[in-house]
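Below is one structure; the comments refer to it alone.
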Amino acid sequence: MLKKDKSEKVNNTENFSPEVFKKIQQARKLQPRTEELISSILSGDVGALSRAITLIESNNPNHFANAKALINVCLSHTKQSIRIGITGVPGVGKSTFIEAFGKHLTRQGKKVAVLTIDPSSSISHGSILGDKTRMEELAKDSNAYVRPSASGETLGGVARKTRETITLCEAAGFDIIIIETVGVGQSEIAVHSMVDFFLLLQIAGAGDELQGIKRGIMEMADAVVINKADGDNVAKAIVAKTELSRALHLFPPKKSEWTPTVSTCSAKTQEGITEIEQIIVNYIETTKNNGYFDRKRAEQNEYWLLETINNQLKEDFFNHPEIRDLLEKTKKAVQNNESSPFAAAQLLLETYFKNKP
């Protein structure tokens, strides 16, 4: 049998003609029809779900109509899932905790969608989107779906289209939807306004560096969980639990009539995971019985109505052809002190409204 000389170079491009490359590029640009996407999503096809999320996240004006139609149809097919928001400082172990908690739920036959938000660079606007690597086991679980998205310029540590993504995941049949935020430090109002249960992860021995934001975050939290309570950290976690429990009693009662709890867990050893699930179950039962669950959902819908109007007006403004041209000129005028930012803004707004049909 003849062996090919290792020094011999093989030019693979000779096997492809320019026409073949062109067809491949065209195929990649093709988007499935909206009706096909909807049908596949309703049947639980996660591949179609991913394509649909990419469509609604797109800034391409040509995709807006299809994205709108997609959301409108899926809204009528959503089932009421449980939405859980999880936040905490970087290094608290959010991804490890979510993987442990998610696996615990999927073992019970529940379908879990995890929407993870990676911070975008304010300079390059890039994002690593590495949560599928950090949640490798959960990402491979047939009952789970992990979708990383970039936070972009959105405050609150959530992606611009997270609310619509929740709708798609519910239409695809997921029972539990977990939203992991970038971490505290920005306003967490955005994620709090789209979930039923808000969980704050803490670690023992973090010191008082979070004192400035602790009250605001803890007032929103329905439960505080001290993670990494294993090994030498167990004693510290117990002390932290006591201190945080005392602090929570100083806050005014919640409208939900729920008393926030503090617990410890170790995502590494699985200790405390079952107890956290029970806390969430108790919360859902309490708020559904007293009517707060439905009232909160209604308030959230109203909030996102106004947010959607704001976002749509902003997109329409910046995508207006005359505004795009004039904006560059006014930017230079402002930079050169030839015009004030307020006068330039007024000029742009007047131009926008004058050219509206």
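Each reported figure results from applying straightforward, stated rules to the coordinates on display, with no laboratory input. Here the structure is a predicted model, which is why all the values come from computation and not from measurement.
Per the Debye calculation on the stretch 241-357 with a single equal scatterer at every Cα and no solvent contribution, log₁₀ I(q)/I(0) for q = 0.17 Å⁻¹ amounts to -0.91. Summarised as an ellipsoid, the stretch 317-357 has semi-axes of 19, 11, 6 Å, derived from the eigenvalues of the Cα gyration tensor scaled by 5 and square-rooted, with the largest first. Near the amide H of Lys110, within less than 5 Å, lie no amide hydrogens of residues on another chain or at least 5 residues away, with H placed in the peptide plane. A cut-off of 5 Å between modelled amide H atoms, ignoring neighbours fewer than 5 places along the same chain, links Ile178 with Ile84, Ala113, Val114, Leu115.
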